[in-house]
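Enquirer: Dropping a structure here in structure tokens format, bear with me for questions.
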DNA sequence: ATAATAGTGTCTGTGAGACATTATGCC
DNA sequence: GGCATAATGTCTCACAGACACTATTAT
């Protein structure tokens, strides 16, 4: 390790060679979820290159030390390249790193979870042959590249557990939305039904939504529902009690 | 990117050169907390080398791709090298990475938080001139190396927020302990007083402690307290309501 | 009117907050 | 006895669960 008391930091840095240490590979992967017809889906891409050529994988790839300013920007970039969308919600989940997860050697991946509303008008994804929205359970049943089954499970767990005390699923809906739609989003993410009254009481008393004055879409059966959108900035509300399975 | 349809994965891998991409530097840092005389302390080491020579920093360093099997093992190793202790509790907090946090270039660090009981008999740390337990507030007031002020704050936040719905501070105590000691540990971590009755009700009804039959230490004033230790395996209990500031 | 969906009233149960009271050791 | 600390009794309040009920639309 190059160092001496007489060497100042400037001098040290000019002599420093990054290649002196064997550094792990560093990638960023993104599990992006959305609701399509009420079902939770995750975006996967089919790998065109070795290793794991032909397998489906979470979108991601190597950090570009020239153009990426930081990790979350790298994650956003990977996502944008695949979906053409700037993820409305992006959260770092965890980092996996060991000697075996990538056959190329010791590698580290920083996993992000993203949520977006599925815009049925945006064909950008469906038309790309190697990127597809998968129903979550189908995605989890197949053999994904690398350790992406584990990563997907970790992201899924983060989504579920945070849904119990936040309003995360709000990011899977287009605005404005009805309370029933929001409840169904929660139920799909949690994998369990919720009590209507409790849910509405919880959400409304948190004071994080505002009624959009808009008229309800015509053609629906039954009483038209009120339409809401999140109040600005208040989307990261945390409840002091957990919802669902009151043990 | 080297690839062709005719090349099989084995062939690809033998031709693969890790140096082909400019990879960020990868380090692991650990914020280890303990209680010393009721006060929360964090272990810092003074850097002997450039960069940031002479500054105090969280213990950590480069991944050793030869000997480290995975990230948490690397974190455990860094900790062991500094404290001679295998951390009883180790949790990954987050990963920071950008072009500027280290003057040597694009770097990524995986931050872990650790908790341990302060064994007054263990001089290993105090005698090493470049490693010291700092009261948390003193540590946070000085200018630490790199972005370690931010990392320390992130670890501190994780500790506080998880303390609100788990029993994390249990790992800062020697066994057996009294409920009063446990409550004081919670209060120190949360930075706020707790109601005695609520606290005891919560902890006892969670059924995660067992009474150690041991006799209370002599010499104390007042009624002797019952001594407890955690039941095996049940230390990661999660409550469905949050403690402290019942808003 | 009937079906269908939106939305409310209200009772129960759990557990946190507050704080007064009792218990058990020491001198 | 008095002091100090441990432990309990018990009331209130917030909020989740349950579920019956009313409201508003289309046909």
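The values are calculated or read from the model by the stated rules, or taken from the named source; none is laboratory data. Given the structure is predicted, the values throughout are model-derived calculations rather than measurements. Please note: Cβ atoms are built from the backbone with ideal geometry, for glycine as well, and neighbour counts cover all protein chains shown.
Enquirer: Which residues, taken from segment B:47-76, are under 22 Å from the mean Cα position of the chain (by Cα), surrounded by 16 or more Cβ atoms within 10 Å (Cβ to Cβ) and facing chain A (nearest Cβ under 7 Å)?
Expert: If the condition is that a residue be under 22 Å from the mean Cα position of the chain (by Cα), surrounded by 16 or more Cβ atoms within 10 Å (Cβ to Cβ) and facing chain A (nearest Cβ under 7 Å), then B:62, B:63, B:70, B:71 are the ones that fit.
Enquirer: Which condition number in (1) modelled with pLDDT of 85 or more; (2) facing chain B (nearest Cβ under 7 Å); (3) outside any loop (DSSP other than H, G, I, E, B) is the one that residue A:44 fails?
Expert: Evaluating residue A:44 over (1) modelled with pLDDT of 85 or more; (2) facing chain B (nearest Cβ under 7 Å); (3) outside any loop (DSSP other than H, G, I, E, B) leaves (2) as the failure.
Enquirer: Now, a different point. Which count do you get for residues in segment A:233-243 that are assigned to a loop (DSSP other than H, G, I, E, B) and away from DNA strand C (no atom under 14 Å from the Cβ)?
Expert: 3
Enquirer: Please work out which one of (1) within 12 Å of DNA strand D (Cβ to nearest atom); (2) more than 23 Å from the chain's Cα centre (by Cα); (3) more than 14 Å from chain A (Cβ to nearest Cβ) is the condition residue B:240 fails and give its number.
Expert: (3)
Enquirer: Please verify whether residue A:202 is touching a residue at least 40 places away in the same chain (Cβ under 8 Å), closer than 27 Å to residue A:32 by Cα and within 9 Å of DNA strand D (Cβ to nearest atom), treating the condition exactly as stated.
Expert: Criteria met by residue A:202.
Enquirer: If you don't mind, another one. Determine which member of the set A:114, A:87, A:122 is at pLDDT below 90, more than 14 Å from every other protein chain (Cβ to nearest Cβ) and surrounded by 19 or more Cβ atoms within 10 Å (Cβ to Cβ).
Expert: A:87
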